[in-house]
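Colleague: I'd like to ask you about the structure that follows.
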There are 2 protein chains.
Amino acid sequence: MTLTEAKAQFISSWGAFGSHWGINRTMAQIHALLLISPDPITQDDIMEQLSISRGNVNMNTRDLIDWGLVDRVLIPGERKEFFTAEKDIWKVSTQIIKERKKRELDPMLKLLTQLEEIEGDKKDKEVKQFVETIGGIRKFGGQADKVLDVMIKADESWFLGSLLKFFK
Amino acid sequence: MTLTEAKAQFISSWGAFGSHWGINRTMAQIHALLLISPDPITQDDIMEQLSISRGNVNMNTRDLIDWGLVDRVLIPGERKEFFTAEKDIWKVSTQIIKERKKRELDPMLKLLTQLEEIEGDKKDKEVKQFVETIGGIRKFGGQADKVLDVMIKADESWFLGSLLKFFK
DNA sequence: TTTAATTTTCAATAAATTTTGAAAATTCAA
DNA sequence: TTGAATTTTCAAAATTTATTGAAAATTAAA
């Protein structure tokens, strides 16, 4: 397999992969392209390599920047803006965990806490099951929250090293 | 807040939550409804409570069954089929992890292994970055794979207990 | 069997999401 | 300043995904 084929394959698969994770396909493809680009590239480079419009590149690079996965880079003497992605996959994943925790897990836990305080007869079968289910999810989510916090703060080598030793 | 309001709120939020995780909104809503239903319910119950069509209920319950999150239940003396969901959230999440690992992580790791074997000058900057990125993701994914395998096999109390102690 | 109840399928339709591209806004060198 | 290069915005169009509902298939009681 040549580099060109492999690149195309990786970009396409990373895009499909991303769409299973609530990330839009093009955003994941742009991310893939940046991950394998040794030097920062421009909007036009991305447009050309992925055959997508300028507006599309603009919106999706902005989202990637909001997610903390991509940075704008200014190159002295160049008028255009350049983009580059964090290459350390550990940093990439902790960043994603951090953002998703903030955007999804934290609000869900807040809601569950509210939902547990419903009025009604605790002996009623419906009420009982509701409170139990919500309570169970909230507790589980709360523990996951703690574990993720440690992961986010942890240093890669320390964390994976210890975790694997722990699981051996 | 009354039970009725709380139920509606939970079903709606669980649906939105699910859509960030590659699960379709209606499938997640049906799952939510089953999670808080003390007894098994029928297709017609689901149609009525969520105001969706028979075909939609049928397809999505089938998917939930494929995911191992919902079971068909036969109630003696009843003609209709009933559905019920696993209520233990630990079991629910290990089941989801197991399925997603099989459907997404494993095929991705297989692809990455292939992509690492590209032809080309290893001193070329493009080739070098590609191999490094792919290698990094593959190694990380491989470790995640191992950790998830242990989680899937683990018992909840053992797992969370040990992990929290470990992180203390 | 026959028949009515129930479930499943799937083409048509609807809804949601993504993409485009051209106009507006911004930036910066001269 | 001016104006060319570049980026951003966003309404319209295209595409993708989800939903409907009625016909076909299946099931099980009579």
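No value in this document is a laboratory result; all are computed from the given coordinates. All values reported here derive from a predicted model rather than from experimental measurement. Neighbour counts are summed over all protein chains in view; Cβ atoms, including those assigned to glycine, are modelled from backbone coordinates with ideal geometry.
Colleague: Compute the label-point distances linking A:Ala16 to its equivalents in the other copies; points lie 7 Å from Cα along Cα→Cβ; give nm, one decimal, shortest first.
Modeller: 3.2
Colleague: Moving to a separate point now. I need the P(r) histogram for the stretch A:73-148: all alpha carbon pairs, bin width 10 Å from 0 out to the longest distance, whole percents.
Modeller: 16, 29, 21, 15, 10, 6, 3, 0
Colleague: Something else: From zero outward in steps of 20 Å, how is the percent of C-alpha pairs of the protein assembly as shown spread across the bins?
Modeller: So the P(r) values, bin by bin, are 26, 52, 21, 2, 0.
Colleague: Would you please state which residues of the stretch A:53-92 a label at A:Met47 would reach in this model, taking the label point 7 Å out along Cα→Cβ and a backbone N cut-off of under 11 Å?
Modeller: Taking a point 7 Å out along Cα→Cβ of A:Met47, the residues of the stretch A:53-92 whose backbone N falls under 11 Å are A:53-58.
Colleague: Limiting things to C-alpha atoms, what are the Rg and the maximum Cα-Cα separation (Dmax) for the stretch A:9-104, in angstroms?
Modeller: In order Rg, Dmax, the Cα atoms of the stretch A:9-104 give 13.0, 41 Å.
Colleague: Copy-to-copy spacing for A:Gly142, label 7 Å out on the Cα-to-C-beta vector, in nm, shortest first?
Modeller: Ordered by increasing distance: 4.0 nm.
Colleague: Here is a further query. Over all pairs of distinct alpha carbons, what does the Kirkwood formula give as the hydrodynamic radius of chain B, in Å?
Modeller: 19.0 Å
Colleague: Just to confirm the numbers: A:Met1, label point 7 angstrom along the Cα-Cβ line, distances to the other copies in nm, shortest first?
Modeller: 4.8
Colleague: Springs between alpha-carbon atoms under 10 Å, Gaussian network over chain B: tell me which of B:Ser12, B:Ser37, B:Ser157 tops the mean-square fluctuations.
Modeller: B:Ser157
Colleague: Right, something else. 222 nm [θ] for chain A, helices only, -39500 (n - 2.57) per DSSP H run of 4+, per residue, to 500?
Modeller: The per-residue figure over chain A is -21500 deg cm²/dmol.
Colleague: Measure nothing fancy, just the Cα-based angle from helix A:25-35's long axis to the longest principal axis of chain A, in degrees from 0 to 90, nearest 10.
Modeller: Tilt of helix A:25-35: around 60 degrees.
Colleague: Hey, another quick one. Using a Cα distance threshold of under 20 Å, what count of lysine pairs results for the stretch B:95-159 when pairs must be 8 or more residues apart or interchain?
Modeller: For the stretch B:95-159, qualifying lysine pairs total 16.
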